[in-house]
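Peer 1: This is the structure I have questions about; it appears just below.
The values are calculated or read from the model by the stated rules, or taken from the named source; none is laboratory data. Being a predicted model, the structure only gives us computed values, none of them experimental. Positions of Cβ are generated from backbone atoms using ideal geometry, with glycine treated the same way; all protein chains shown enter the neighbour counts. We work out accessible area using only protein heavy atoms, side chains counted, and drop any ligands, DNA or RNA first. Shrake-Rupley method; radii C 1.70, N 1.55, O 1.52, S 1.80 Å.
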Amino acid sequence: MLEDHTDVLVMKLISRKVTFVHRDLWDRIYAIGVAREDWQLNKLPPDARRLLETVDAAGSIQTSGATARDLELRLLIHAEQIHTESGKHAKVLETWDAWAKRVGFRARAKDPRAARRFLERRLTNINQKCNGRGKLPWPSDLSY
């Protein structure tokens, strides 16, 4: 039920695991996703660059495999797992703009650096309260 809730974005954010993100945080996720910062693009394999170009051109595609996962984990696209008619698992990859349009989200301009800092502080608080070791996908030593 949570996956289908209109105020929940499902993505791999914390420690590369499925994370449920409330609508209140979508501005920050969107700002990070569309920023195309160095940590997202550096060392991106050529096949992943080609796939990203394909998604950018189409807005949304269905695919699977490690290349799609690489784009998802770098937050370069939004990915949603689906079951195909044949019963196999696949992913729908879409640009953050296509995702925003599909879910009726109106993005407000946010600074991606500020968005990262905000999420880092939130996760630090959660880790401290819960004795956790969750990590976000960008290097923690990014200069601010």
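Peer 1: Would you calculate a helix-derived [θ] at 222 nm for the chain, using -39,500 (n - 2.57) for each DSSP H run of n ≥ 4 and dividing by the full residue count, to the nearest 500?
Peer 2: -13000 deg cm²/dmol
Peer 1: May I ask you to list the lysines whose Cα is less than 22 Å away from that of Lys88, ignoring any residue fewer than eight positions away on the same chain?
Peer 2: Cα-Cα hits under 22 Å: Lys12, Lys17.
Peer 1: Only Cα pairs within less than 10 Å get springs; with that Gaussian network setup on the chain, which residue of Glu94, Glu72, Glu120 has the largest fluctuation?
Peer 2: Evaluated over the chain, the most mobile residue of the options is Glu120.
Peer 1: A follow-up question, please. Among Val92, Val34, Val103, determine the one that fluctuates most according to a GNM of the chain built with springs between C-alpha atoms less than 10 Å apart.
Peer 2: Greatest mean-square fluctuation among the candidates belongs to Val103.
Peer 1: Any idea which of Gln128, Ala114, Val55 is furthest toward the positive side of the dipole for the chain, if Lys and Arg beta-carbons carry +1 and Asp and Glu beta-carbons -1?
Peer 2: Gln128
Peer 1: Further, regarding this structure: Hey, how many Å between the Cα centroid of region 38-100 and the Cα centroid of region 107-125?
Peer 2: Between the Cα centre of region 38-100 and that of region 107-125, the gap is 23 Å.
Peer 1: Next question. Pick from Arg133, Arg36, Arg113: which residue has the top mean-square fluctuation in a GNM of the chain where Cα pairs under 10 Å get a spring?
Peer 2: Between Arg133, Arg36, Arg113, it is Arg133 that shows the largest mean-square fluctuation.
Peer 1: Okay, moving on. Where a ≥ b ≥ c are the square roots of the eigenvalues of the C-alpha gyration tensor, would you call region 15-82 rounded, which needs a/c under 1.5, or, failing that, prolate if a/b is larger than b/c, or oblate?
Peer 2: prolate
Peer 1: Express in Å², to the nearest 10, the accessible area of Arg49 obtained by rolling a 1.4 Å probe over the protein heavy atoms while all chains stay in place.
Peer 2: For Arg49, the solvent-accessible surface is approximately 100 Å².
Peer 1: Can you return the aspartates and glutamates within cross-link range of Lys135? Criterion is Cα-Cα under 19 Å, with same-chain partners fewer than 8 residues away left out.
Peer 2: By straight Cα distance, Lys135 reaches Glu37, Asp38, Asp70, Glu72, Glu120.
Peer 1: Please give the charge dipole size of the chain, origin at the Cα centre, charges +1 on K and R Cβ atoms and -1 on D and E Cβ atoms. Round to the nearest 20 debye.
Peer 2: Rounded to the nearest 20 debye, it is 520 debye.
Peer 1: In the chain, which helices (entire DSSP H runs) extend 20 Å or more along their own long axis, judged by Cα positions, while averaging at least 1.6 on the Kyte-Doolittle scale?
Peer 2: On the way: long enough: 112-130 (27 Å, -1.14).
TM-like helix candidates: nothing returned.
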